[in-house]
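Structure first, then comments.
The values are calculated or read from the model by the stated rules, or taken from the named source; none is laboratory data. These figures come from a predicted structure and were not determined experimentally. No Cβ is skipped: glycine too gets one built from the backbone with ideal geometry, and neighbour counts run over all protein chains shown. Each accessible area value is taken on the protein alone, full model and side chains, heavy atoms only, with ligands, DNA and RNA left out. Shrake-Rupley method; radii C 1.70, N 1.55, O 1.52, S 1.80 Å.
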Amino acid sequence: MQINIPRGTQDILPGEVEKWQYIEKKLKEICDKFQYNEIRTPIFEHTDLFLRSVGDTTDIVTKEMYTFEDRGKRSLTLRPEGTASVVRSFVEHKMHGAASQPIKLYYLGPMFRYERPQAGRFRQFVQFGVEAIGSNDPAIDAEVIALAYTAYESFGLSKLKVVINSLGDAKSRVAHREALIEHFAPNISEFCHDCQNRLEKNPMRILDCKKDRKHPLMQNAPSILEYLNEESSQYFEKVKAYLTALNIPFEVDSNLVRGLDYYKHTAFEIMSEAEGFGAITTLCGGGRYNGLTEELGGPEAPGIGFAMSIERLLSALKAEKIELPIEKTIDCYLVSLGDAAKDYTVGLLHTLRQAGLSAERDYLDRKIKGQFKAADRLQAKYVAVLGEDELKNNKINVKSLENGEQKEIELSELVAVLKDFAAY
């Protein structure tokens, strides 16, 4: 009986995985420039972590989490997002006491959500994200947005749109909450079951509903921007001024609320406007989450971050017809003629690899023509041909597959000659 891959997951095969490796390397290089350090957290956490941080009225918690009991009857959850785990680690390891502040971290790894699989959306997916914890400076908000924008631009994407909003502080949101309830309550029966539940628990999340986004009441819902107090308004103006100074184009969308309860002040998304990208245009999203460290038992340490889907990045590259500059070659392919020569290439191959060269040989007893075809498929730069006569005379023929030039050299010189070629 054949067992297939679970729905909503994917195998990333050779030929495709090189794109992932290139993206991961590029993202790490960008984080180095911005002075963000890598953090790796467990793939599963205690369920309470996500209940307390993400919010018990969010779709993630109510519909999408992979939660299970271990043998000790503890409730555990495969991480659905990265921020909660990073902040938990920040608190647990007392990073707030480090001399260098704010703490600037990035992560890259699989997340898990039970939702309907569709183009660019999986049940196991890979997120790259950053978190800057310990600063209330609106300049760090602009830096985080700039890092995300820089990442997309570094891959050649140009059809990008940055959308920002302010969710205000706690005082601003109380006034906005009352206005939203008053606005939606008379007609809440026209909305989906989820929105009806959100009305009293978290009415702002009604604005994030995908089912009812075209309802007339959505279009004229009270804007959070009308309820910002002076402090929140000044903060938002600073963020916009810094983005302008960084030459990051943006639009303000007062209905942008993001799907997680921990956001305060700045919220943002970067979208793809490429033709054919798909109905869901969001590439990444994030925002400020002041108060989350306290919620998880730590001291006050305001933070901001974002998360981007690698799968959606790849979809955006495809939509803009961008090919990543991936060169998959090897330095040398060893071709052997005769049993003695074939046996000798086993040790010779290891010698080349020990010297830092990428090399391969035949393992299927192919004829010489088949071995050269194998070298072509691997895009070998050079082929080294060893026959019985060459072996007796301690010689080997080296041929360039780029220009066809070849010469006979001493066997003992092969490593030096190939390294010399590789230098040019």
- State which residue pairs qualify: first residue open to solvent by 90 Å² or more (accessible area, probe 1.4 Å) and inside segment 219-247, second residue assigned to a loop (DSSP other than H, G, I, E, B) and among the hydroxyl-bearing types (S, T, Y) in any location, beta carbons under 9 Å apart, and separation of 6 or more residues or different chains. E226/S254
- Tell me, which residue of segment 250-270 that is of a type in the set (A, V, I, L, M) and in a loop (DSSP other than H, G, I, E, B) is modelled with the highest pLDDT? L256
- Query: Would it be correct to say that K328 is open to solvent by 70 Å² or more (accessible area, probe 1.4 Å), within 41 Å of the chain's Cα centre (by Cα), on the phi < 0 side of the Ramachandran plot and in contact (Cβ under 8 Å) with a residue 60 or more places away in the chain?
  - Reply: yes
- Message: With the condition being over 24 Å from G15 (Cβ atoms) and touching a helix residue (DSSP H, G or I) at 6+ places or on another chain (Cβ under 7 Å), I'd like the strands (runs of 3 or more DSSP E) fully within segment 333-414 carrying at least 1 qualifying residues.
- Response: 380-386, 395-400, 406-410
- Message: Return the residues of segment 132-170 that are assigned to a loop (DSSP other than H, G, I, E, B) and without any contact (Cβ under 8 Å) to a residue 24 or more places away in the chain; say none if nothing qualifies.
- Response: D137
- Which of the residues spanning segment 271-315 are in contact with a Gly (Cβ under 9 Å, 6 or more places away or on another chain), among the aliphatic types (A, V, I, L, M) and assigned to a helix (DSSP H, G or I)? L292, L314
- Query: For segment 377-397, what are the residues that are within 19 Å of R353 (Cα to Cα) and in contact (Cβ under 8 Å) with a residue 24 or more places away in the chain?
  - Reply: L378, Q379, A380, K381, Y382, V383, A384, V385, L386
- Would you pick out the residues in segment 82-99 that are crowded, with 20+ Cβ neighbours inside 10 Å and assigned to a loop (DSSP other than H, G, I, E, B)? G82
- Item | Restricting segment 256-312 to residues that are among the aromatic types (F, W, Y) and crowded, with 21+ Cβ neighbours inside 10 Å, the residue that is nearest to G134 (Cα to Cα) | Y289
- Message: Of the conditions (1) of a type outside the set (D, E); (2) under 30 Å from Y22 (Cβ atoms); (3) surrounded by 16 or more Cβ atoms within 10 Å (Cβ to Cβ), A355 satisfies every one except a single condition; which number is it?
- Response: (3)
- Task: Output the residues belonging to segment 193-218 that are in a loop (DSSP other than H, G, I, E, B) and open to solvent by 70 Å² or more (accessible area, probe 1.4 Å).
- Result: K210, K211, R213, K214
- So which residues in segment 141-192 are modelled with pLDDT of 95 or more, among the β-branched types (V, I, T) and open to solvent by 20 Å² or more (accessible area, probe 1.4 Å)? T150
- Those residues of segment 100-131 which are in a loop (DSSP other than H, G, I, E, B) and more than 20 Å from G278 (Cβ to Cβ) amount to S100, Q101, P102, Y114
- Item | Filter result (open to solvent by 90 Å² or more (accessible area, probe 1.4 Å) and in contact (Cβ under 8 Å) with a residue 60 or more places away in the chain) within segment 20-44 | Q35, N37, R40
- Selected residue (only one of I310, I322, I304, I326 is among the β-branched types (V, I, T) and modelled with pLDDT under 95): I326
- Query: Is it the case that some residue within segment 6-19 is within 23 Å of the chain's Cα centre (by Cα), closer than 30 Å to K201 by Cβ and surrounded by 11 or more Cβ atoms within 10 Å (Cβ to Cβ)?
  - Reply: yes
- Within the bounds of segment 45-57, is there any residue that is over 20 Å from K264 (Cα atoms), open to solvent by 70 Å² or more (accessible area, probe 1.4 Å), in a helix (DSSP H, G or I) and modelled with pLDDT under 95? yes
